[in-house]
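All remarks here apply to the structure that follows.
Values in this text are rule-based calculations from the coordinates and carry no lab data. As the structure is a prediction and not an experimental result, all values here were calculated from the model. Don't worry about glycine lacking a Cβ; one is built from the backbone with ideal geometry, like all the others, and counts go over all protein chains shown.
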Amino acid sequence: MSALHEKFGLTRVINAAGTYTPLGVSRSPQAVRQAAAQALGEFFVMDELQDALSARVARLTGAEAAVATHCVSAGITLSVAAAIAGSAPERIAALPDTNGLPGRIVLPAGHAVNYGHPIEQDVRLAGGVPVLAGSEAGCTEAELDEALGRAGTGALLLVSSRLVRGALVDLARAVALAHRHNLPAILDGAAQDLRIDELLATGADLVLVSPHKYMASPTVGLVLGRRALVAAVRAHEKGIGRAMKPTKEAIVGLLAALEEREALDLSAWRREQDAKVAALVSRAGALRGLRAEAIADPAGMPFRRARLHVDPQSAGLDARSLAHALRGGDPSIRVMEHAVSEGVLDLELVPLTAEEIDAIASRIETLTGTA
Ligand SMILES: *Cc1c(COP(=O)(O)O)cnc(C)c1O
């Protein structure tokens, strides 16, 4: 990580905070970097790149078709645009003016997530009107049914993420409800690219994943699902999607990342992840004032995280101060702070090397005075 950081005077980072956008999301393997770098030196017929990607994703996942967008945020906006306006050129040109079109986009209230900005804004960018069904605590099928049945509704938008709040909404049943109202269901599974099969199995018409998260491609969004809707998403590239287009290096990098994913031995990969988590848990758990454990991903991704419980009395500092001190060092160590007020720090180790995990453990030792 150091040549670029040194040249441009940038903070060196060990990212244990997950596929986190403000930290550059992921680190691509050599094959992906090479493919993207090569693509930068070439011209392409961009439609052919999209066709090749669609064919490859269809073969890998069983989805009818796929299209790349700049990122999933863009993909949500363009999926909503496709649901509201279809593929007719005059409607595509008119967006985000949705006058006379079915612009109501229904979300269970707990699915109105904020992943760095509110997902409702993705809907509004397409001229849609987000309509929240139920409450933060949950959304019953009757509440969803009522919201989907109102005139002017264009689609159901669902999210599969650890950010979702309230009682779990059964995704397959929610999709079936939308279909009963002849509405498409769009499923944002941005950080769930290792669960594409399960997401497609819900019956959702469009499934969105961020390949730059766990697939470690360049920044890009992948929208997969029904042929006609995917074609409509792609058609909106000539409308509001102009500002949301995928780059050639991103599509070529994604093709390379899909090859890597196809060759991945998932059980070996899981064992490797488990070993990294076990190493940190055993070292950090031995420190004064810390209790450490491996925890499952709350949204079903096939790997665990290390969780540290900080007892401020014996550790000499609380979880918030520990996170702050880790962040302030060189390299800056970033951890998940969503449960910091309960004395908990979570660390995701997927992209990290054994040396980096060792550096994290050593820094925690120093900071808790047990080095
Ligand atoms: C990361 C994320 C997004 C945004 O994905 P990008 O590809 O970065 O735009 C959307 N929804 C959820 C649930 C996410 O986790």
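Numerical summary
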| quantity | calculated |
| --- | --- |
| Efficiency of FRET between T353 and A176 - r from beta-carbon atoms, R0 41 angstrom, step 0.05 | 0.40 |
| Cα-Cα P(r), the stretch 231-371, percent of pairs per 10 Å interval | 11, 33, 23, 18, 12, 3, 0 |
| The chain - convex hull of the alpha-carbon atoms, volume per residue in Å³ | 137 Å³ |
| Shape category assigned to the stretch 67-189 from the gyration tensor of Cα positions, a/c cut at 1.5 | oblate |
| Cα shape, the stretch 55-113, gyration tensor, a/c 1.5 rule | oblate |
| Cα-based Lys pair tally, the chain, threshold under 22 Å, eight or more apart or on separate chains | 4 |
| Anisotropy class of the stretch 293-360 from Cα gyration tensor, a/c 1.5 cut | oblate |
| Cβ charges +1 (Lys, Arg) and -1 (Asp, Glu), total dipole of the stretch 232-371, debye | 440 debye |
| Charge dipole of the stretch 190-349 about the Cα centre (unit charges at C-beta), most positive-ward option of A315, H338, A279 | H338 |
| In Hz, Karplus ³J(HN,Hα) per residue of the stretch 64-70 (6.51, -1.76, 1.60; θ = phi - 60°; x = Gly, Pro) | 5, 7, 8, 9, 8, 10, 4 |
| Amide proton proximity set for V113, modelled H, under 5 Å, gap of 5+ | I119 |
| Spatial separation of Cα centroids for the stretch 131-193 and the stretch 8-82, in angstrom | 26 Å |
| Viscosity 1.306 mPa s, temperature 10 °C, Stokes-Einstein D of the stretch 145-240 from Kirkwood C-alpha radius, µm²/s | 112 µm²/s |
| Size of charge dipole - the chain - debye, nearest 20, with Cβ of Lys, Arg +1 and Asp, Glu -1, no other charges | 280 debye |
| Share antiparallel - DSSP beta bridges, the chain, percent rounded to 5 | 55 percent |
| The chain: DSSP helices with Cα axial extent of at least 18 Å and average Kyte-Doolittle hydropathy no lower than 1.6 | 72-85 |
| Among A93, L40, A178 - extreme Cα towards positive end, dipole of the chain, charges at beta-carbon | L40 |
